[in-house]
Amino acid sequence: MFQTALKYNLEVTQTRRVDFPVPFSAGAKITVFVISEQPVDNFNDLLAASQSSLDFWDNSFDDEDWNHV
């Protein structure tokens, strides 16, 4: 079954509503998923954390043990 996915970047109004046009006929049945957008900084923190822990893998003693397995 073919389904069309659409993405809209919208802001909630003062009355806590979101209105947007869709390319579907009146009366069409649709499913809407609403996900709040996370600040970009959260991803940068995750990226920094993953890069800072790479030193764990640079371990000469561990390399020596695994090279003889």
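Among Glu11, Glu64, the order by Cβ neighbours within 10 angstrom, fewest to most, reads Glu11, Glu64. When the P(r) is computed for the chain, the part past 18 Å accounts for 68% of the Cα-Cα pairs. Residue separation of Leu6 and Asp58 scaled by 0.36 nm, minus their Cα-Cα distance, works out to 14.3 nm of gained length.
Computed from the coordinates by the stated procedures, all read-outs in this text should not be read as laboratory data. This structure is a prediction, so every number in the text was calculated from the model and none was measured. Neighbour counts are summed over all protein chains in view; Cβ atoms, including those assigned to glycine, are modelled from backbone coordinates with ideal geometry.
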